[in-house]
Amino acid sequence: MDEPAGGTADDSTAITTEPGSGAVAADPVARDPRDVMPAWVPRAILIFLVGVAGLFTLRWLLVELQSFLVLIVVSLFLSFALEPAVNWLNRNGIRRGLATGMVMLGSLAATVAFLVLLGQALFTQVSDFIEDLPNRVERIEHQVNERFDTELDADELVKEVQSKDVQGLATDLGTRALDLGISALGLVFNLFTIALFTFYMVADGPRFRRSVLSFLSPTRQERVAHGWEIAIQKTGGYIYSRGVLAFASAVVTTAVLGILDVDYALALGLWTGLVSQFIPTIGTYLAGALPVLVALLDDPGHALIILAFLLIYQQIENYLFAPKITAKTMDLHPAVAFGTVMVGAALFGGVGALIALPAAAVIQAIATTYLNRHEVIDTHMTRDHRREPDASGRPNKRSASRAATPDPAS
């Protein structure tokens, strides 16, 4: 019995073929190709998730190891600073390990001597100030009562303050002493760690560099070795230039303080020289504040003379000494130097501020070496618009207008 001509929908989709007929069977469940997920999507999702997890892990490691990484970075820059002196001793027949020890011990001895001199001066000055404090308070009390017609009694104020604060001070004394001891112990441990890493980085410097370069191709070895050499030269040059300027400042300041008969002129001169040169941006103000304050306690007139001297010497140093000494060691624009110090302080605190300038000098030197620089075109945006003087010495208006108007040919 024949089937009717009009079949059902299901019958129309199923096509029966005989073997060898060449017909293709239709998929009973046909899908739109746009509904099928590409094969690369699951792999991409997996790679993305692994990458995100890796970034979070890396961030966690950096946060947890920040203190250790700071110690390593400080040790690296100290090794850059010490290596020129160690290389010089090594070339003169002293073993590298012994030369490294000699340089580090010499630096340590100089640092300890400076701290002892400064600490002795500060301790004695503060002790004298505390002993003379009652007399100073009485003089201030007398002047205030005379000028403002008051009956201020400093003794009563001191007793009232002491009765309120002495109990709290005694309670907090033990806790503060314990915290101070723990902080001092941590500082000693960090200094020992820095000294240990610095010693091995300098004493085994050639072997350490060979070990690092062995993982690179010959072409990259040459570039990395050259960059390493630039880092050593710039950091060593920075220490050298700062040291020369600090020595000059210390000598001149000590002489002026000695002439004015200021107490502890040598310690204050060393403080002024070192702090003004090795603490960026604010070092000049910190260096000058201490001798001015010490002189102010004895003679305000001498304090004004010292302040004037420091301001004048700072200008002489900035425009006469520093350009000649730092011309071949480190040349940073003041704005770049200030921004670098701010970034270093934000990332690593005070340590970052100290190493920011040599780090910036190293980066600048490497960028100058490996990046191409081109001649700048002559446009009105790159010209100096100052007026050129004419034969009479007056500003030439024609030259100024010519400098301000762009050349049609350009």
Problem - Number of the condition not met by Val336 [criteria: (1) farther than 19 Å from Ile259 by Cβ; (2) at pLDDT 80 or above] - result: (2)
Problem - In the stretch 197-229, the residues that are among the aromatic types (Phe, Trp, Tyr) and within 29 Å of Gly101 (Cβ to Cβ) - result: Phe197, Phe199, Tyr200, Phe208, Trp228
Completion exercise
Apart from one, (1) more than 24 Å from the chain's Cα centre (by Cα); (2) of a type outside the set (A, V, I, L, M, F, W, C); (3) buried (at least 16 other Cβ atoms within 10 Å of the Cβ) all hold for Ser75; the odd one out is (1)
Completion exercise
Here the qualifying pairs (Cβ atoms under 8 Å; residues six or more apart or on different chains; first in the stretch 217-234 and more than 14 Å from Ala360 (Cα to Cα) and touching a residue at least 12 places away in the same chain (Cβ under 8 Å); second assigned to a helix (DSSP H, G or I) and of a type outside the set (Lys, Arg)) come out as Arg223/Tyr370; Val224/Val212; Val224/Leu213; Ala225/Leu213; His226/Thr369
Practice task
Tell me, please, whether a residue that is closer than 20 Å to Leu274 by Cβ, in a helix (DSSP H, G or I), at pLDDT 90 or above and not hydroxyl-bearing (Ser, Thr, Tyr) can be found in the stretch 54-72.
Solution key: no
Handout entry: Filtered residues of the stretch 78-100 (kept if assigned to a helix (DSSP H, G or I) and surrounded by fewer than 16 Cβ atoms within 10 Å (Cβ to Cβ))
Key = Trp88, Arg91, Gly97, Leu98
Fill in the blank from the handout: Within the stretch 183-196, the residues that are farther than 12 Å from Thr100 by Cβ and touching a residue at least 60 places away in the same chain (Cβ under 8 Å) are Asn190, Thr193, Ile194
Practice task
Of the numbered conditions (1) closer than 27 Å to Leu115 by Cα; (2) surrounded by 14 or more Cβ atoms within 10 Å (Cβ to Cβ), Ile232 fails exactly one; give the number of that condition.
Solution key: (1)
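One line per residue, one yes/no per condition, for (1) in contact with a helix residue (DSSP H, G or I) (Cβ under 6 Å, 6 or more places away or on another chain); (2) over 30 Å from Leu274 (Cα atoms); (3) modelled with pLDDT under 75:
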position	(1), (2), (3)
Ser107	no, no, no
Gly119	no, no, no
Ser127	no, no, no
Val137	yes, yes, yes
Asp155	no, yes, yes
Ser163	no, yes, yes
Asp172	no, yes, yes
Thr175	no, yes, yes
Leu185	no, no, no
Handout entry: Single match in Thr100, Thr111 (criterion: closer than 16 Å to Phe199 by Cα and of a type in the set (Ser, Thr, Tyr))
Key = Thr100
Completion exercise
Result of the Cβ filter at 6 Å on the stretch 295-309, keeping first residues that are in contact (Cβ under 8 Å) with a residue 40 or more places away in the chain and partners that are surrounded by 14 or more Cβ atoms within 10 Å (Cβ to Cβ), at least 6 apart or interchain, is His302/Leu260; His302/Ala295; Ile306/Pro291; Ile306/Val292; Ile306/Ala295; Phe309/Val256
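The values are calculated or read from the model by the stated rules, or taken from the named source; none is laboratory data. Since the structure is predicted, the reported quantities are computational estimates derived from the model, not experimental observations. Note that each Cβ is placed from the backbone with ideal geometry, even for glycine, and that neighbours are counted across all protein chains shown.
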